[in-house]
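Written below as structure tokens is the structure these notes are about.
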Amino acid sequence: MLRGLTKAGLGSFTDDKQFIELASEYSFQSVDLDAKDIIEVYGLIGAKELLQGNNIQLGAIGLPVEWRSSHEKFSKDLVNLASAAKAAQDLGCTRCCTYILPSTDLKSAQFMSLAVKRLRICAEILGSYNVRLGLEYVGPHHLRNTWKNPFIWTQEETLHLIDAIGLPNVGLLLDSYHWYTTGLSSEDLSNLNEQQIVHVHINDAADLPVEGLKDNDRLYTGEGVIDLPLFLKSIKKTGYSGPISQEVLTPKQPSESGEELIKRSKIGFDKVFNNI
């Protein structure tokens, strides 16, 4: 498994080049960034050289389509998906991810129908470029009634959604915070097979009742109460060998520099990875 970073919780950087170079300097092996943006700034050859020269892989791109909103917004965004997927393919990235909120203002059945249809369309386009689509269920309890009607917030329900979409390039984005806040076990992870996992996020939680944990108040890897070695050991049993990308959502922008926070993240990764 590859040690990876997203920019979440890491403050600001001069540009993607600085982020990639610092990730490499502190022994990370992948980063989650927008492939299209990197190519637009550095050119395709320059982008490849930047990644390869730092021994960094592009872990995943975010789905650049707002599929939860109006038909007009979905259609407008969809136009740009093929070019985003092509950019990912050009940089050797095979993962694209989106999240599923656990409640909705639409009627639940209506939103399920919408999700299946729209995510299938996205997955079909991504599949044309050998890119997989990872779906992330969101566990924190407070989001389950933020909107009018309940929706998906468990791994099992997300697997049912994936089955309904019915395409082989769709799978799970697993996140340690959501695994913890939904009360899942080691077996819930280890019983998956490698093909069901597209991508993995890692982060930690404060020592609070699970029901009180907020989605945007996470801790850095290895600094909280989640049994992260168990989380990773369980995923490793499936045969998954891809990126484990840190994603730390915080209430406000950190005051420390990006380098300080990447160094801090490395300490946490060493603590966790040395125990698997």
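The values are calculated or read from the model by the stated rules, or taken from the named source; none is laboratory data. Owing to the predicted nature of the structure, the values given are computational and were not obtained by experimental measurement. Cβ atoms come from the backbone with ideal geometry, glycine included; neighbour counts cover every protein chain shown.
In table form, for the structure just shown:
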| item | result |
| --- | --- |
| Filter result for the condition that a residue is over 17 Å from residue 215 (Cα atoms) and free of Cβ contacts under 8 Å to residues at least 24 places away in the same chain, over 128, 185, 108 | 185 |
| Filter pass, residue 224 being more than 19 Å from the chain's Cα centre (by Cα), of a type outside the set (Lys, Arg) and surrounded by 15 or more Cβ atoms within 10 Å (Cβ to Cβ) | yes |
| Answer from 126, 135 - the residue that is at pLDDT 95 or above and under 28 Å from residue 205 (Cβ atoms) | 135 |
| Residues of region 155-176 classified as touching a helix residue (DSSP H, G or I) at 6+ places or on another chain (Cβ under 9 Å) and either farther than 19 Å from residue 205 by Cα or of a type outside the set (A, V, I, L, M) (or both), total | 15 |
| Pairs, first within 13 Å of residue 112 (Cα to Cα) in region 145-167, second assigned to a helix (DSSP H, G or I) and among the aromatic types (Phe, Trp, Tyr), C-beta under 8 Å, six or more apart | 149/111; 151/111 |
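For (1) modelled with pLDDT of 95 or more; (2) closer than 27 Å to residue 58 by Cα; (3) touching a Pro at 6+ places or on another chain (Cβ under 9 Å), each residue gets a yes or a no:
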site	(1), (2), (3)
78	yes, yes, no
119	yes, yes, no
148	yes, no, no
162	yes, yes, no
177	yes, yes, yes
